[in-house]
Amino acid sequence: MQAIFWGVRGSYPTPGPETVRYGGNTSCVEIASRSGERIVIDAGTGLARLGEWLAQRQLDTGRFDLLLSHMHWDHVQGLPFFAPCHQGKAQLAIHALRPDVVKLRDIVRGVARHEFFPVALDDMAASFEFHEVHPGRRFRASAFAIRPFRLNHPFGAVGYRIDGDNSSCAYVCDTAPFNLLLHKKHFLKGPEPLSTTDRRQLQNLRASLVQAVQGCDTVIYDTHYTQDEYARFPHYGHSTPDHALDLLHGQGVRRLVLFHHAPNHTDAMMDEIDAQYRHKGEQLGIEVVTAREGLALPIGNAASSGPMHLVAVP
Amino acid sequence: MKVRFWGVRGFFPAAGADYLRYGGNTAALEVIADSGARLAIDFGTGAVGLGRALLGAGFGVGKGVLSVLLSHTHLDHTAAMPFFVPVFIPGNRIDVYGAVDNNKLHDVLELLFDPHVCPINSQKNLNASITIHDVVDGPLAIDGFAVRALRVPHGHATGVVWRIEADGKSIAVVTAIDHPASGPLPAAIELAQGVDLLLHDGAWRSTSDHYARRWGGATVSTAVAVAVRAGVKRLMLTHHAPQHTDRDLDALLAEAQALSSVPVWSAMEGETIEV
Ligand SMILES: [Zn+2]
Ligand SMILES: [Zn+2]
Ligand SMILES: [Zn+2]
């Protein structure tokens, strides 16, 4: 299979001369099988570019499985601008965690509403299905077997392990590490003391993540911060490349993709981060790749999914 | 009076090498009077840069006072409110003016911070003192400026167009409006009458009004018609479509210039112009 990165940025889009090479669109990754079936993970502004790319090539826009990690703006704001949403024959199946009593359809309606977008969900031409994701309960989407697991992020988020074409990848975004604090439903001004139950829950979260990434060919991980930045904002729900390597080391993972770059990280900073962690990864036996917009990354047997290359983003 | 363009894109941001000259950030403007009085228009992603720049102007130490006029609540005009750094610093005073259908702008903006979509959970968790005002048509008391608001139809949302005067100069910001098929909205023409600078959205070619119908926003010919009818001194096109590259925007500007008896420019991110 192949992962194509349409948006790699965290928090908010960052157009401009300093982000041209790594990209300024927010989270959106396409996973494509050898035979051309695809799923899309997260609907940041990168999704709008994927929609234009599909439209330019007049590619089949029948059914789309869209898996959401959570509904923070940087993961959903591209949805109303995704061309297939406005095509009568398109069918969008949205898979997402339901973090409270609000029904999935109503959460998405609340996002794609007239007050925020020119076309609201109920006025879109495509038909929509909503599938609740339950951490630990496997499901199929397109050509892939999906295994969702819970992450440590404000108001809840899920990651996904994706198996297909005899290869595997995992999307671990957004998440804080699993030691200092436990994200729940309330707003955190800073780290709060952990109760015994909190500590146990953190251990469980970490254990289910470690289990899910066992032997993965490629793990795409929320490595938003540098170590210094994390020290200042540990309660914002994101990790560093060190957290990711720490967790993945010894789990049979072949490759780590740094993803969800902080908006203040210029191309020059990303080059430094890339060099630093490629080196650190080498020492641990993990190939480290820094995600950039347009990157098409073969996963598993390279011979069957082609070499790494860049797709021309419209 | 000066205008600085922090974001000139409409709909959603345009990131990438093809959008660098005009800029890819969504709507945000800063207006500065000769007296030093300042106001901002819209909270698109361009407002992130404005917020950072303001830290050096008192907002970094909680001594900032700012009025923000919203043209409407679509995300390309509001998305950066949770990322506008001055809202996190205690002591800053920020007044936001705008209008929505049910006269509860506060409640609509609160949805931007809802825990499903934003880790801040509520405007209550912002440390600055923020007051949200629902405007009606007519003049508004804002220090250092004479401001007039007019509510207009914009898709299923309500838009507000603004006239701002200071130092004997005037600008009109008309970027969230659906003009009737019969021609420019008379009330908007009246509001923009004779201004030194008209900022009007003109995202679409005169021939692509199917885009205008789906996404809203005006064609360049509509923008020119407003400018000519209102007798403005110059027209500046803004709210560029995210699919238009720098070269597309050059062509769109040329199309507008060919149509217009009024001088036309196209807004570029990072530019400051003297009105
Ligand atoms: Zn995120
Ligand atoms: Zn998040
Ligand atoms: Zn709008």
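Quick one: count up the residues across the stretch A:234-245 that are within 12 Å of A:Thr223 (Cα to Cα) and either touching a helix residue (DSSP H, G or I) at 6+ places or on another chain (Cβ under 7 Å) or surrounded by fewer than 21 Cβ atoms within 10 Å (Cβ to Cβ) (or both).
Adding up the residues that qualify gives 4.
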**Prompt:** Considering the stretch B:130-158 alone, what residues qualify as being on the phi < 0 side of the Ramachandran plot, of a type in the set (Gly, Ala, Ser) and in contact with a Gly (Cβ under 8 Å, 6 or more places away or on another chain)?
**Reply:** B:Ala149
**Request:** Report whether or not A:Ala120 is more than 16 Å from ligand 1 (Cβ to nearest atom), within 29 Å of A:Gly36 (Cα to Cα) and surrounded by fewer than 24 Cβ atoms within 10 Å (Cβ to Cβ).
**Result:** no
**Single residue of the stretch B:38-57 satisfying the filter (open to solvent by less than 20 Å² (accessible area, probe 1.4 Å) and out of contact with any strand residue (DSSP E or B) (no Cβ under 6 Å at 6 or more places or on another chain)) that is farthest from the other protein chains (Cβ to nearest Cβ)** = B:Leu54
**Residues of the stretch A:53-110 that turn out to be of a type outside the set (A, V, I, L, M, F, W, C), within 18 Å of the chain's Cα centre (by Cα) and assigned to a loop (DSSP other than H, G, I, E, B), as a count** = 7
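Let's see how each residue does on (1) within 14 Å of another protein chain (Cβ to nearest Cβ); (2) under 30 Å from B:Glu110 (Cβ atoms):
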site	(1), (2)
A:Ala3	no, no
A:Pro13	yes, yes
A:Pro17	yes, no
A:Gly44	yes, yes
A:His95	no, yes
**Message:** Scan the stretch B:86-99 and tell me whether some residue there is in contact with a Ser or Thr (Cβ under 8 Å, 6 or more places away or on another chain), within 16 Å of ligand 3 (Cβ to nearest atom) and under 29 Å from A:Gly156 (Cα atoms).
**Reply:** no
**Qualifying positions in the stretch B:139-166 - away from chain A (no Cβ under 14 Å) and either small (Gly, Ala, Ser) or within 16 Å of ligand 1 (Cβ to nearest atom) (or both)** = B:Ala141, B:Gly144, B:Ala146, B:Ala149, B:Ala166
**Complete:** Going through (1) within 12 Å of ligand 1 (Cβ to nearest atom); (2) among the small types (Gly, Ala, Ser); (3) open to solvent by 10 Å² or more (accessible area, probe 1.4 Å); (4) farther than 27 Å from B:His244 by Cβ one by one, A:Ser11 fails only at (4)
**Request:** Kindly check whether there is at least one residue in the stretch A:181-191 that is touching a Ser or Thr at 6+ places or on another chain (Cβ under 7 Å), away from ligand 2 (no atom under 15 Å from the Cβ) and either modelled with pLDDT of 95 or more or farther than 19 Å from A:Leu256 by Cα (or both).
**Result:** no
**Asked** Of all residues in the stretch A:47-77 being in contact (Cβ under 8 Å) with a residue 12 or more places away in the chain and either within 16 Å of ligand 3 (Cβ to nearest atom) or of a type in the set (S, T, N, Q) (or both), which is nearest to A:Arg161 (Cα to Cα)?
**Response** A:Ser69
**Message:** So, A:Asn204, is that one in contact with a helix residue (DSSP H, G or I) (Cβ under 9 Å, 6 or more places away or on another chain) and more than 16 Å from ligand 2 (Cβ to nearest atom) or not?
**Reply:** no
**Item:** Restricting the stretch A:61-93 to residues that are more than 17 Å from A:His131 (Cβ to Cβ) and within 16 Å of ligand 2 (Cβ to nearest atom), the residue that is farthest from the other protein chains (Cβ to nearest Cβ)
**Value:** A:Asp74
**Item:** Single condition A:Glu132 does not satisfy, out of (1) touching a helix residue (DSSP H, G or I) at 6+ places or on another chain (Cβ under 7 Å); (2) open to solvent by 70 Å² or more (accessible area, probe 1.4 Å); (3) modelled with pLDDT under 95
**Value:** (3)
**Request:** Would you mind finding the one in B:Ala230, B:Ala256, B:Ala203, B:Ala267 that is farther than 21 Å from B:Trp162 by Cα and surrounded by 17 or more Cβ atoms within 10 Å (Cβ to Cβ)?
**Result:** B:Ala256
**Item:** Matching residues in the stretch B:61-114 - criterion: being within 12 Å of chain A (Cβ to nearest Cβ), in a helix (DSSP H, G or I) and open to solvent by less than 20 Å² (accessible area, probe 1.4 Å)
**Value:** B:Leu75, B:Asp76, B:His77, B:Thr78, B:Met81, B:Pro82, B:Leu105, B:Val108, B:Leu109, B:Leu112
**Asked** Got a number for residues in the stretch B:24-38 being touching a helix residue (DSSP H, G or I) at 6+ places or on another chain (Cβ under 8 Å) and assigned to a loop (DSSP other than H, G, I, E, B)?
**Response** 2
**Asked** Pairs, please: C-beta under 6 Å, at least 6 apart or cross-chain, first residue within 14 Å of chain B (Cβ to nearest Cβ) and in the stretch A:217-240, second within 16 Å of ligand 1 (Cβ to nearest atom) and open to solvent by 10 Å² or more (accessible area, probe 1.4 Å)?
**Response** A:Asp222/A:His238; A:His224/A:His238; A:His235/A:Leu188; A:Gly237/A:Pro154; A:Gly237/A:His183; A:His238/A:Tyr225
**Request:** Take the stretch B:12-29 and flag every residue that is more than 7 Å from chain A (Cβ to nearest Cβ) and either open to solvent by 10 Å² or more (accessible area, probe 1.4 Å) or at pLDDT below 95 (or both).
**Result:** B:Asp18, B:Arg21, B:Ala27, B:Leu29
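One line per residue, one yes/no per condition, for (1) among the basic types (Lys, Arg); (2) modelled with pLDDT under 95; (3) farther than 17 Å from B:Leu29 by Cβ:
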site	(1), (2), (3)
B:Gly144	no, no, no
B:Ala149	no, no, no
B:Pro153	no, yes, yes
B:Val160	no, no, no
B:Ile164	no, no, no
B:Asp167	no, no, no
B:Val174	no, no, no
B:Ile177	no, yes, no
B:Pro180	no, yes, yes
**Request:** Would you mind stating whether A:Arg206 is under 30 Å from A:Glu272 (Cα atoms), surrounded by fewer than 13 Cβ atoms within 10 Å (Cβ to Cβ) and of a type outside the set (S, T, N, Q)?
**Result:** no
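So which of B:Lys169, B:Lys124 is under 22 Å from B:Leu66 (Cβ atoms), among the basic types (Lys, Arg) and either within 14 Å of chain A (Cβ to nearest Cβ) or open to solvent by less than 10 Å² (accessible area, probe 1.4 Å) (or both)?
Exactly one of B:Lys169, B:Lys124 is under 22 Å from B:Leu66 (Cβ atoms), among the basic types (Lys, Arg) and either within 14 Å of chain A (Cβ to nearest Cβ) or open to solvent by less than 10 Å² (accessible area, probe 1.4 Å) (or both), namely B:Lys124.
Residue by residue, here is whether (1) in contact with a Leu (Cβ under 7 Å, 6 or more places away or on another chain); (2) of a type in the set (Val, Ile, Thr) holds:
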residue: B:Val220; (1), (2): yes, yes
residue: B:Ala225; (1), (2): no, no
residue: B:Arg229; (1), (2): no, no
residue: B:Ala256; (1), (2): yes, no
residue: B:Ser261; (1), (2): no, no
residue: B:Gly270; (1), (2): no, no
residue: B:Ile273; (1), (2): no, yes
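The values are calculated or read from the model by the stated rules, or taken from the named source; none is laboratory data. Just so we're clear, the structure is a prediction, and the values are computed from it rather than from any experiment. Please note: Cβ atoms are built from the backbone with ideal geometry, for glycine as well, and neighbour counts cover all protein chains shown. In case anyone asks, the SASA skips ligands and DNA or RNA and just uses the protein heavy atoms, side chains included. Shrake-Rupley method; radii C 1.70, N 1.55, O 1.52, S 1.80 Å.
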